[in-house]
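See below for the structure under consideration.
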Amino acid sequence: APTRWPTIGGGLVPRKAGATLAVKQTIAKKPYAPKAAPKAAPKAAPKAAPKEERKPGGPDLVRKRVTEDPILGEVLVWKGKFGFIKPTEEFNHSDKHSGKVYVHVKDILTGEETLEVGQAVQFQIFSDASGLGAEEVIPL
C-alpha cells in the first residue's frame, strides 16, 4: 500500500494507507492561581479640621503681656518665619511649650527676616490662646 503524506500543523506526517490518524493536541493552560482578594481602596489622608474646630494659633491672636521688663534668651529653633526661644531668666507662668517661647518674624523689631540658632535676643513675653510668645524681639 502506498504511503500517504497528510499535512498536520504545517508539517508532513507519514502514515500507512487506511490507518487512522490520532493527533494529540496540547492546549496551553495557564497555571492555577487563586483569585486575589479585591484590593482595598487606599486610605485617604486625614482631612484638616474645619476652621471652627481648629485650635487657635499664629501671630495674630489676642495677646496679654506677661513680663514688665525685657528678658534675655537664646534662639533654639528657627523654621522660616517662626521659631522658639529659650529664656535665660526664670519667670513664673504655665506654658504649653516646655519652657520654650514662640517667636514669629512679625515680632522682630529690627525688621530682620530670620534669626540664627544660638543667637542671643532680648524680648517681652506675652500669653495668648496657644501659649507663650515673644514680642518686641531685638537680636543682640
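The values are calculated or read from the model by the stated rules, or taken from the named source; none is laboratory data. Computed from a predicted model, the values in this text were never measured in an experiment. Cβ sites come from the backbone with ideal geometry, for glycine too, and all protein chains shown count toward neighbours. Quick note on the areas: whole protein, heavy atoms, side chains included, nothing else; ligands and nucleic acids left out. Shrake-Rupley method; radii C 1.70, N 1.55, O 1.52, S 1.80 Å.
When the residues of region 46-88 are filtered to those that are open to solvent by 80 Å² or more (accessible area, probe 1.4 Å), at pLDDT 65 or above and not basic (Lys, Arg), which remaining residue is nearest to ILE138 (Cα to Cα)? Ranking the qualifying residues of region 46-88, first place goes to GLU74.
Scanning region 107-125 for residues being farther than 14 Å from LYS86 by Cα, touching a residue at least 24 places away in the same chain (Cβ under 8 Å) and over 27 Å from the mean Cα position of the chain (by Cα) gives a total of 5.
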